[in-house]
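Engineer: The structure under discussion is supplied below as structure tokens; questions concerning it will follow.
Every number here is computed from the coordinates shown, using simple stated rules; none is lab data. Just so you know, these numbers come straight off a predicted model, no measurement behind them. Virtual Cβ from ideal backbone geometry, glycine too; neighbours counted across all protein chains shown.
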Amino acid sequence: MRNRDWKIAIVLAIAAAAGVVAAANGGGTAGRAKIFGIAYVKVRATDLEKDATFYGQQLRLPAGEVRDGNAAQASYVVNGNQRIELAKTAPGTPGSYLAEVGLATDDVNKMRAYLTAKGVAASEIFTWPDGTKHFETQDPEGNKIVFVEQKWQTGNIGGGDDAIGRRLLHAGFVVKDWKAESRFYEDVLGFRLYWKGGFKDDGLDWYEIQVPDGDNWIEYMLNIPGNADHKELGVQNHFSLGVKSADEAAKVLRARGLKDFDGPEVGRDGKDSLDAYDPDWTRVEVMEFTPSGKVCCSEYTGKHPAP
């Protein structure tokens with residue numbers, strides 16, 4: 001961890017709980033900058049060469065420019081708006097390998113002013129070498145969230161012709177107290193419920209909330225044991241790529257030499273998907289954009305993403 005990151009983490013962790021409680025009492029989201037979607041996910045990696053095989057050759061995501069070489073050592077382009085970053089870490093590093101989630105906004109100055117007025121701790125605004133402005137904060141459970149100022153393209157946003165998926169749909173992570181998390185994401189940031197469900201019809205094991213100005217979502221992974229091992233955490237702390245057909249995606253991945261993945265199968269959310277795993281067991285959920293099967297537990301309340 002860089003010295004700057006260490007200092008930011010200490011400050012944000014101290015302020016997180018008190019700040020979000022105060023923010024939840026602040027009332028409304030007037031004055032908030034737009035949040036278009038997930039700009040990037042940063043994943044920890046112990047062997048960049050093995051990851052190049054997985055992300056570059058099997059998923060066929062084009063290699064991109066690394067914006068901040070001090071914090072990430074590789075970047076893979078999903079499309080003109082989104083990317084996956086890899087941060088080198090030592091083998092055996094504990095905790096979540098989903099290191100951070102970047103959210104795209106139209107105005108980082110406005111967003112930072114809004115959050116700090118609500119009592120949410122935020123770093124100063126930094127600039128990457130390419131000129132992109134950003135700042136860091138944390139949710140109540142310590143997940144690192146980075147707001148990135150960028151133009152959010154619509155329509156044909158590109159992506160690799162042979163890429164397994166050209167849309168990053170969601171990121172999910174282990175959550176212990178979903179109500180505390182939602183005071184931050186829903187009450188403060190304006191995220192809205194997309195779908196919720198469980199292994200049982202009356203259970204709650206997944207809680208999905210969409211960004212306020214787009215169709216990407218964050219997924220709370222609930223009821224995960226506190227002593228979950230590295231592999232289990234890799235399953236839960238994950239991200240997804242959208243495809244038109246999970247069955248066709250499975251055929252393509254097998255042809256590219258990726259044999260060990262789960263599915264495809266229709267989940268409790270009604271969407272057909274398969275689960276692939278990078279060399280450090282971070283799950284990449286390759287999922288269809290819309291439900292094709294029975295949806296359990298509750299109806300969808302938001303617009304589905306499109307290819």
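Engineer: What is the list of residues in segment 190-219 whose amide nitrogen lies under 18 Å from a point 7 angstrom out from the Cα of LYS294, following Cα to Cβ?
Structural biologist: 196-204
Engineer: Straight-line reach from LYS231: which aspartates and glutamates have Cα under 12 Å away, leaving out those fewer than 8 places along the same chain?
Structural biologist: ASP278, ASP280
Engineer: At what distance in angstrom do the alpha carbon centres of segment 45-83 and segment 180-232 lie from each other?
Structural biologist: The distance from the Cα centre of segment 45-83 to that of segment 180-232 comes to 26 Å.
Engineer: Enumerate the aspartates and glutamates that LYS294 could reach by cross-link, defined here as Cα to Cα under 14 Å, with residues fewer than 8 away along the same chain left out.
Structural biologist: Answer for LYS294, where 14 Å is the Cα cut-off: ASP201, GLU265, ASP269, ASP272, listed by chain and number.
Engineer: Which helices, counted as full DSSP H runs in the chain, have an axial Cα extent of no less than 20 Å and a Kyte-Doolittle average of 1.0 or above? Show your work: numbers first, answer last.
Structural biologist: On the way: long enough: 3-24 (31 Å, 1.34).
Passing helices, by number: 3-24.
Engineer: Antiparallel versus total DSSP beta bridges in the chain: what percent is that, nearest 5?
Structural biologist: On the way: 40 of 62 bridges.
Percentage antiparallel, nearest 5: 65.
Engineer: Translational D (Stokes-Einstein, µm²/s) of the chain at 25 °C and 0.890 mPa s when Rh comes from the Kirkwood sum over C-alpha pairs? Mind showing how you got there, number by number?
Structural biologist: On the way: Rh = 19.6 Å.
D, rounded to a whole number, is 125 µm²/s.
Engineer: Less than 12 Å Cβ to Cβ from ILE125, Lys/Arg counted +1 and Asp/Glu -1: what total charge do the surrounding residues give?
Structural biologist: On the way: positive: LYS110, ARG112, LYS133; negative: ASP107, GLU124, GLU136, GLU149.
It works out to a net charge of -1.
Engineer: Taking loop as defined by DSSP and a crowding limit of 16 other beta carbons within 10 Å, which trypsin sites (Lys or Arg not before Pro) in segment 271-307 fit?
Structural biologist: Numbers: sites: LYS271, ARG283, LYS294, LYS303; in loops: LYS271, LYS294, LYS303.
Sparse-neighbourhood loop trypsin sites (Lys or Arg not before Pro): LYS294, LYS303.
Engineer: Another question, then. On a 18 Å Cα-Cα criterion, which of the cross-link pairs LYS42/LYS144; LYS50/LYS144; LYS34/LYS151; LYS118/LYS196; LYS42/LYS88 come out too long? Display every interim value, and only then the final one.
Structural biologist: Values: LYS42/LYS144 10 Å; LYS50/LYS144 25 Å; LYS34/LYS151 11 Å; LYS118/LYS196 27 Å; LYS42/LYS88 10 Å.
Correct reply: LYS50/LYS144; LYS118/LYS196.
Engineer: Can you put SER292, SER182 in order of Cβ neighbours within 10 angstrom, beginning with the fewest?
Structural biologist: Values: SER292 12, SER182 21.
Least crowded to most crowded, the residues run SER292, SER182.
Engineer: Rounded to whole Hz and in sequence order, give me ³J(HN,Hα) for segment 91-104 from the Karplus expression 6.51 cos²θ - 1.76 cosθ + 1.60, θ = phi - 60°, writing x for Gly and Pro.
Structural biologist: Values, residue by residue: x, x, 4, x, x, 6, 8, 8, 6, 6, 10, x, 10, 7 Hz.
Engineer: Under a point spin-label approximation (7 Å from Cα along Cα-to-Cβ), what is the ALA90-LYS244 distance to one decimal in nm?
Structural biologist: Here the modelled spin labels are 4.8 nm apart.
Engineer: As a test of the definition: which semi-axes, in Å, follow for segment 201-307 when you take the square root of five times each eigenvalue of its alpha carbon gyration tensor? Largest first, please.
Structural biologist: Working: eigenvalues 95, 77, 34 Å².
Three semi-axes, in Å: 22, 20, 13.
Engineer: Taking R0 as 45 Å, what's the FRET efficiency between ARG256 and LYS110 from their Cβ-Cβ distance, rounded to 0.05?
Structural biologist: Working: r = 43 Å, r/R0 = 0.96.
Efficiency computed from Cβ-Cβ geometry: 0.55.
Engineer: Any idea what the dipole of segment 185-307 comes to, in debye rounded to 20, about its Cα centre with Lys/Arg Cβ at +1 and Asp/Glu Cβ at -1? Can you show the working numbers first?
Structural biologist: Numbers: 14 positive and 24 negative charges, 74 e Å.
So the dipole magnitude of segment 185-307 works out to roughly 360 debye.
Engineer: Given +1 on the Cβ of Lys and Arg, -1 on the Cβ of Asp and Glu, and no further charges, what dipole in debye does segment 133-229 carry about its Cα centre, rounded to the nearest 20? All intermediate terms of the calculation are to be shown ahead of the outcome.
Structural biologist: On the way: 11 positive and 18 negative charges, 43 e Å.
It works out to roughly 200 debye.
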